[in-house]
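Visitor: I am attaching a structure below and will ask some questions about it afterwards.
The values are calculated or read from the model by the stated rules, or taken from the named source; none is laboratory data. What you see is a predicted model; the values in this text were computed from it and never measured. When we count neighbours, we look across all protein chains shown, and the Cβ atoms used for this are built from the backbone with ideal geometry, even at glycine.
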């Protein structure tokens, strides 16, 4: 809690100065630079190695430029999607609860999948377990889990939106939570 007060002391004035949606672009730009620093350092090291090997300067600069462009594109798409999702979710209290339930369930599911894979991999190597299942866990490609989790997100969101639309969730929840009128 103490660190939150320190951070607010430094950045609170800056965050209060954002009055329009377009100003958040610059906040996203700063976050993108901060979070992707390690990846960019590796990318620049690869570009430096390519330059040493005799590649022309424009070929060496193409990879970091493409990486930056891709990051800006996907961060912008993510921001647009989240703006739409939060706008929809926070329009009514029932939507907010439903949205939070779906997002929390997805987070728990993704953490469970990754945690299970990691624990089984560690258990396999530390306990020297063998067999078809244990050999698969020891040599599991975590990229496959990433694709499965991305597919899980798409499937759960499609199911949640379909259930919301055709299950009349908002109407049912609103009537069950409607305040009683007492005189």
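Visitor: If you check residue 43 against the conditions, is it under 24 Å from the mean Cα position of the chain (by Cα) and either on the phi > 0 side of the Ramachandran plot or modelled with pLDDT of 75 or more (or both)?
Guide: no
Visitor: Which condition breaks for residue 91 when tested against (1) under 30 Å from residue 27 (Cα atoms); (2) assigned to a helix (DSSP H, G or I)?
Guide: Condition (2) is where residue 91 drops out.
Visitor: In the range 91-113, what residues are closer than 16 Å to residue 157 by Cβ and in contact (Cβ under 8 Å) with a residue 60 or more places away in the chain?
Guide: Matches in the range 91-113: 95, 98.
Visitor: Got a sec? Which of 136, 116, 124, 175 is touching a residue at least 12 places away in the same chain (Cβ under 8 Å) and either in a helix (DSSP H, G or I) or surrounded by 11 or more Cβ atoms within 10 Å (Cβ to Cβ) (or both)? Steps first, answer last, please.
Guide: Numbers: 136 fails: touching a residue at least 12 places away in the same chain (Cβ under 8 Å); 116 fails: touching a residue at least 12 places away in the same chain (Cβ under 8 Å); 175 fails: touching a residue at least 12 places away in the same chain (Cβ under 8 Å).
That would be 124, the only listed residue that is touching a residue at least 12 places away in the same chain (Cβ under 8 Å) and either in a helix (DSSP H, G or I) or surrounded by 11 or more Cβ atoms within 10 Å (Cβ to Cβ) (or both).
Visitor: Among (1) in contact with a helix residue (DSSP H, G or I) (Cβ under 6 Å, 6 or more places away or on another chain); (2) over 30 Å from residue 22 (Cβ atoms); (3) loosely packed, with under 14 Cβ neighbours inside 10 Å, where does residue 162 come up short?
Guide: (1)
Visitor: Just wondering, is there one or more residues in the range 95-111 that are over 30 Å from residue 174 (Cα atoms), exposed (fewer than 13 other Cβ atoms within 10 Å of the Cβ), at pLDDT 90 or above and under 16 Å from the mean Cα position of the chain (by Cα)?
Guide: Yes, the range 95-111 contains a residue that is over 30 Å from residue 174 (Cα atoms), exposed (fewer than 13 other Cβ atoms within 10 Å of the Cβ), at pLDDT 90 or above and under 16 Å from the mean Cα position of the chain (by Cα).
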